[in-house]
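Visitor: The structure follows.
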Amino acid sequence: MRSQRLFPLLAAWLVAFPAVGRAETLALSKTFVEKVKNLATIPATLEVDVHPAKPHTIKRGGDDGDIHMAGRANEIRLPLVAEIVNAKLEPDALKLLTTTKPGQTVPVTGVWRIWFEHLGKEEQVQGADVEVPSTSNPAHLFELHPLTRFGSADLATSFVPIQNYQAYDAPTAFGFYEKNEATLQANDTAVLIAAGEGKYNYVELVAELAGPIVKTQDGGSMVLANVFGTEDGETPLTEAPRRMVFAPGGADSPAAHLQGLGKGDRLHLLAIPRVNLAEVSELLKTSHGEEVSVNLPYEMIVVGVLPE
């Protein structure tokens, strides 16, 4: 199915749309954007195609202890990778994954994540046919990362700091996030985002709450926060407060640490970035179909709460 049949004028847009620094363009259904923009997680029936035999080792960078799987899902209809963080803490999920045959479907729930980290050579169009991947880490811009459920396995216990992992420092990571250029455009049915290669998956930061804690429809929580590099930091690393995204969880989850906190309170966090679709949507409301050049709107998915 070619893009002309997906969204009106999309094919013409993709020819003319200026990819930043020869970046990649992601075309999303506007309906999908509006549906998920204020959710922490989404469910899907994942057709698991390729996965490694064991999780990553733990050290730094991509050696982060995750296990990832490439697959396809009708709810998403984009090249897709799903990841379990702290995978060695989840033996039931690992056992299920290792016995999952290529093409077998598994019901999952995970934090949706768009990040321009694994770029390809062509635009990615939501709704177009997705080829069966040949590797567990194909070119992709969309992830379910971290997963909160894999089959019957509840993965809430995986949302903890990654032991012995060296995360990126906040000044380095947020120095990049704050200057990551992008171009946005929309029509009645589609949202286009073009951005350069994303970096800095796992970052250690201190978040100072700057607004009320908002519960999401899926049971998660979101809160605006100023970002600092240290517990006693005085100068924020961001030009404005950035949204922190907490997945639904129980008494030991990162979200539980929000209980009783208010504006000015601080949390020491391990988090990963994702595109902030709520901000993208807001920026495009008054664009009248024109291109909007901005620094890529982003927010942070909280993976674990670190000791103070």
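Visitor: Mind listing whichever residues of segment 221-255 are touching a Ser or Thr at 6+ places or on another chain (Cβ under 6 Å) and either in a loop (DSSP other than H, G, I, E, B) or among the basic types (Lys, Arg) (or both)?
Guide: Across segment 221-255, the qualifying residue is only ALA247.
Visitor: On to the next question. Being of a type in the set (Lys, Arg) and in a loop (DSSP other than H, G, I, E, B): is that true of LYS121 here?
Guide: On the way: of a type in the set (Lys, Arg): yes; in a loop (DSSP other than H, G, I, E, B): yes.
So LYS121 passes the test.
Visitor: Where the second residue is buried (at least 20 other Cβ atoms within 10 Å of the Cβ) and not in a strand (DSSP E or B) and the first is modelled with pLDDT of 95 or more and among the β-branched types (Val, Ile, Thr) and lies in segment 200-212, which pairs have Cβ atoms under 9 Å and are six or more apart or on separate chains?
Guide: Once the first residue is modelled with pLDDT of 95 or more and among the β-branched types (Val, Ile, Thr) and sits in segment 200-212, its partners that are buried (at least 20 other Cβ atoms within 10 Å of the Cβ) and not in a strand (DSSP E or B) give VAL203/ALA167; VAL203/ALA170; VAL203/ALA173; VAL203/PHE174; VAL203/TYR177; VAL206/ALA170.
Visitor: Tally time: how many residues in segment 208-248 are touching a helix residue (DSSP H, G or I) at 6+ places or on another chain (Cβ under 6 Å) and of a type in the set (Phe, Trp, Tyr)?
Guide: Within segment 208-248, residues that are touching a helix residue (DSSP H, G or I) at 6+ places or on another chain (Cβ under 6 Å) and of a type in the set (Phe, Trp, Tyr) number 1.
Visitor: Return yes when LEU267 is of a type outside the set (D, E, K, R), over 19 Å from the mean Cα position of the chain (by Cα), at pLDDT 95 or above and surrounded by 13 or more Cβ atoms within 10 Å (Cβ to Cβ) and no when it is not. Walk me through it before giving the result.
Guide: Numbers: of a type outside the set (D, E, K, R): yes; over 19 Å from the mean Cα position of the chain (by Cα): yes; at pLDDT 95 or above: yes; surrounded by 13 or more Cβ atoms within 10 Å (Cβ to Cβ): yes.
Judged against the criteria, LEU267 is a match.
Visitor: Here's something else I'd like to know. Filter segment 127-154 down to residues that are in a loop (DSSP other than H, G, I, E, B) and crowded, with 21+ Cβ neighbours inside 10 Å, then give me how many there are. It would help to see each step written out before you state the result.
Guide: Residues of segment 127-154 in a loop (DSSP other than H, G, I, E, B): 127-139, 151-152.
Remaining after also requiring crowded, with 21+ Cβ neighbours inside 10 Å: 130.
The qualifying residues number 1.
Visitor: Restricting the search to segment 166-185, which residues are buried (at least 19 other Cβ atoms within 10 Å of the Cβ) and outside any strand (DSSP E or B)?
Guide: ALA167, ALA170, ALA173, PHE174, TYR177, ASN180
Visitor: Could you list, ordered by first residue, the pairs with Cβ atoms under 9 Å in which the first is in segment 88-100 and in the same structural domain as GLY151 (by TED's automatic domain parsing) and the second is buried (at least 18 other Cβ atoms within 10 Å of the Cβ) and assigned to a helix (DSSP H, G or I), at least 6 apart or interchain?
Guide: Close Cβ pairs (under 9 Å, with a partner that is buried (at least 18 other Cβ atoms within 10 Å of the Cβ) and assigned to a helix (DSSP H, G or I)) amount to LYS88/LEU94; LEU89/SER158; GLU90/SER158; ALA93/ALA87; ALA93/SER158; LEU94/ALA87; LEU97/ALA87.
Visitor: In addition: How many of the residues making up segment 94-132 are touching a strand residue (DSSP E or B) at 6+ places or on another chain (Cβ under 9 Å) and among the hydroxyl-bearing types (Ser, Thr, Tyr)?
Guide: Residues in segment 94-132 being touching a strand residue (DSSP E or B) at 6+ places or on another chain (Cβ under 9 Å) and among the hydroxyl-bearing types (Ser, Thr, Tyr): 3 in total.
Visitor: So is ASP188 modelled with pLDDT under 95, in a loop (DSSP other than H, G, I, E, B) and within 19 Å of LYS35 (Cα to Cα) or not?
Guide: Values: modelled with pLDDT under 95: yes; in a loop (DSSP other than H, G, I, E, B): yes; within 19 Å of LYS35 (Cα to Cα): yes.
It is true that ASP188 is modelled with pLDDT under 95, in a loop (DSSP other than H, G, I, E, B) and within 19 Å of LYS35 (Cα to Cα).
Visitor: Taking the conditions exactly as written (surrounded by 22 or more Cβ atoms within 10 Å (Cβ to Cβ) and in contact (Cβ under 8 Å) with a residue 60 or more places away in the chain), does VAL36 satisfy them or not? Let's see the steps before the verdict.
Guide: Working: surrounded by 22 or more Cβ atoms within 10 Å (Cβ to Cβ): no; in contact (Cβ under 8 Å) with a residue 60 or more places away in the chain: yes.
Judged against the criteria, VAL36 is not a match.
Visitor: While we're on this one: Just to be sure before I move on: is LYS35 charged (D, E, K, R), more than 28 Å from LEU270 (Cα to Cα), modelled with pLDDT of 95 or more and under 18 Å from the mean Cα position of the chain (by Cα) in the structure I sent?
Guide: Details: charged (D, E, K, R): yes; more than 28 Å from LEU270 (Cα to Cα): no; modelled with pLDDT of 95 or more: yes; under 18 Å from the mean Cα position of the chain (by Cα): yes.
So LYS35 does not fit the description; no.
Visitor: Any residue that is not charged (D, E, K, R) and not in a strand (DSSP E or B) - is there at least one of those in segment 103-110? So that I can check it myself, show each step before the final result.
Guide: The first filter runs over segment 103-110 and keeps only residues not charged (D, E, K, R), leaving 103-110.
If we keep only those that are not in a strand (DSSP E or B) too, we end up with 103.
Yes, there is a match, as at least one residue in segment 103-110 is not charged (D, E, K, R) and not in a strand (DSSP E or B).
Visitor: Which ones in segment 105-156 are among the hydroxyl-bearing types (Ser, Thr, Tyr) and either within 26 Å of ALA278 (Cα to Cα) or touching a Ser or Thr at 6+ places or on another chain (Cβ under 9 Å) (or both)?
Guide: Here is the first cut: in segment 105-156, the residues among the hydroxyl-bearing types (Ser, Thr, Tyr) are 105, 109, 134-136, 148, 152.
Listed by number, the residues that qualify are THR105, THR109, THR148.
Visitor: Tell me, which residue of segment 262-279 that is aliphatic (A, V, I, L, M) and touching a strand residue (DSSP E or B) at 6+ places or on another chain (Cβ under 6 Å) is nearest to GLU239 (Cα to Cα)? Break it down stepwise before answering.
Guide: Filtering segment 262-279 down to residues aliphatic (A, V, I, L, M) leaves 267, 269-272, 275, 277-278.
Filter once more, so that each one left must be touching a strand residue (DSSP E or B) at 6+ places or on another chain (Cβ under 6 Å): 267, 269-272, 275.
Details: LEU267: 19, LEU269: 19, LEU270: 20, ALA271: 19, ILE272: 18, VAL275: 17 Å.
Selected residue: VAL275.
Visitor: Take the residues of segment 191-207 that are among the charged types (D, E, K, R) and either in a loop (DSSP other than H, G, I, E, B) or in contact with a helix residue (DSSP H, G or I) (Cβ under 6 Å, 6 or more places away or on another chain) (or both): which is nearest to PRO307 (Cα to Cα)? First the steps, then the outcome.
Guide: Looking only at segment 191-207, we keep the residues that are among the charged types (D, E, K, R), and these are 197, 199, 204.
Pick out the ones that are also either in a loop (DSSP other than H, G, I, E, B) or in contact with a helix residue (DSSP H, G or I) (Cβ under 6 Å, 6 or more places away or on another chain) (or both) and you get 197, 199.
Values: GLU197: 31, LYS199: 25 Å.
Result: LYS199.
The values are calculated or read from the model by the stated rules, or taken from the named source; none is laboratory data. Since the model is a prediction, treat every value here as computed from it, not as a measurement. Cβ coordinates were reconstructed from backbone atoms using ideal geometry, including for glycine residues, and neighbour counts include every protein chain displayed.
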